[in-house]
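The values are calculated or read from the model by the stated rules, or taken from the named source; none is laboratory data. Keep in mind the model is a prediction, meaning the values are calculated, not measured. Here the Cβ positions follow ideal geometry from the backbone for every residue, glycine too, while neighbour counts run over all protein chains shown. Just so you know, the surface numbers come from the protein's heavy atoms only, side chains and all, with ligands and any DNA or RNA stripped out. Shrake-Rupley method; radii C 1.70, N 1.55, O 1.52, S 1.80 Å.
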Amino acid sequence: MPRLTTLAKLFAADHWIVLDDVQFARRDYQHRARLAALDNPGREQWLTVPTHLPQGRPTLIRNALINDPDWARRRIAGILRQRYGTSPHWPVLAAVMAPVLDAFDTGRTATVAEVSTRVLLDLMGWKGRILTSSRLSARSGRSERLADLAVTTGARSYLCGTGGMAYLDEAPFAAQDITVTLFRPPATGIWPSGRRLSVLWALATFGPQAVVAHLQALASAHTLLVPAA
């Protein structure tokens, strides 16, 4: 259940490549999201999919398993209802979350994470294409891998958040005539909380149509992007 800024970056792109063949990171957002109370966005809590790593720390994202999927599904459904059930937009959110809860039956954390993002992109009306890195050929270096994956889409620009810019080497992209574009959402309006909170809070507070309008405005601000062939 991605952060608002993460969903906005995907919404502005033509392709989303799910990076499933790298090491799982417990301190990242791969199995958890920050929720906030409807009436007080400063009152936050973590929503976490309890995850087991069969190979220990080296476990790849795609191999991470959900601890007790049935219990996890019931718990997360209850927390979401408790947090956002009083929202006038809850019926829409509940319908969107149904496939996410069904994904717990797979027993895989990565599937839940991917489905939760895909259904929200569908709700926003995104028309892009989703690919999976483990099915594509790429070098092992951090930046080289991302550049090679971008090449497979025919991309001419790679959207990179402020966190990624801290480590990204632009040389492999330049070698493929791909521009690295900094994606920086505004610091006002709904965006400051969107840097840490799941988009669910914004959807429950303002409604899908309002959130779509914000995403469309931000995507149009990146007009230097050229749609992938």
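Residues of the chain were split at every exposed loop site, defined as trypsin sites (Lys or Arg not before Pro) in a DSSP loop with at most 11 other C-beta atoms within 10 angstrom, and the longest piece left, sites excluded, is 128-229.
Using only alpha carbons, segment 18-66 has a radius of gyration to Kirkwood radius ratio (Rg to Rh) of 1.11. According to the Kirkwood relation over distinct C-alpha pairs, the hydrodynamic radius of segment 20-105 is 14.2 Å. Return, ordered by residue number, the residues of segment 1-32 whose backbone nitrogen is under 13 Å from a label point located 7 Å along Cα→Cβ of Lys127. What the label zone holds, given the 13 Å backbone N cut-off, is 14. Over the chain, what percent of the accessible surface lies on carbon and sulfur atoms, probe 1.4 Å? The nonpolar share, carbon plus sulfur, comes to 50 percent. Rg and Dmax of segment 52-95, both derived from C-alpha coordinates alone, stand at 15.0, 44 Å. Kyte-Doolittle cut-off 0.0, length cut-off 20 Å along the helix's own axis using Cα: show which whole DSSP H helices in the chain pass. Helices meeting the span and hydropathy rule in the chain are 109-124. Rounded to 0.05, the FRET efficiency of the Thr59 and Ala210 pair, given R0 = 35 Å and the Cβ-Cβ distance, is 0.35. Computed per residue of the chain from DSSP H runs no shorter than four, each worth -39500 (n - 2.57), the mean residue ellipticity at 222 nm is -12500 deg cm²/dmol. Tell me the Kirkwood radius of segment 120-171: reciprocal of the mean inverse pair distance over distinct alpha-carbon atoms, in Å. One decimal place: 12.6 Å for the Kirkwood radius.
Return the percentage of antiparallel bridges among DSSP beta bridges fully within the chain, rounded to the nearest 5 %. Taking every DSSP beta bridge with both residues in the chain, the antiparallel ones total about 60 percent.
With a cut-off of 12 Å between beta carbons, the residues surrounding Ala147 carry a summed charge of -2, where Lys and Arg count +1 and Asp and Glu -1.
The local environment of Glu114, defined by Cβ-Cβ distances under 11 Å, has a net charge of +2 under the rule Lys, Arg +1 and Asp, Glu -1.
Taking the Cα centre of segment 91-145 as origin and assigning +1 to Lys and Arg Cβ atoms and -1 to Asp and Glu Cβ atoms, the resulting dipole is close to 380 debye.
Taking only the C-alpha atoms of segment 126-203, Rg followed by Dmax gives 14.8, 40 Å. Taking the square roots of 5 times each eigenvalue of the Cα gyration tensor of segment 34-155, largest first, gives ellipsoid semi-axes of 30, 20, 14 Å.
The residue list Ala13, Leu182, Val199 was ranked by how far each Cα lies along the charge dipole of the chain toward its positive end, using unit charges on Cβ atoms, and Val199 comes out on top. Using a/c under 1.5 as the rounded threshold, could you call segment 100-229 rounded, prolate or oblate? The axes a ≥ b ≥ c are square roots of the C-alpha gyration tensor eigenvalues, and prolate needs a/b larger than b/c, oblate otherwise. Because a/c hits 1.5 or more and a/b fails to exceed b/c, segment 100-229 counts as oblate.
Accessible surface computed residue by residue for segment 23-75, with neighbouring protein chains in place and a 1.4 Å probe, gives 60 Å² per residue.
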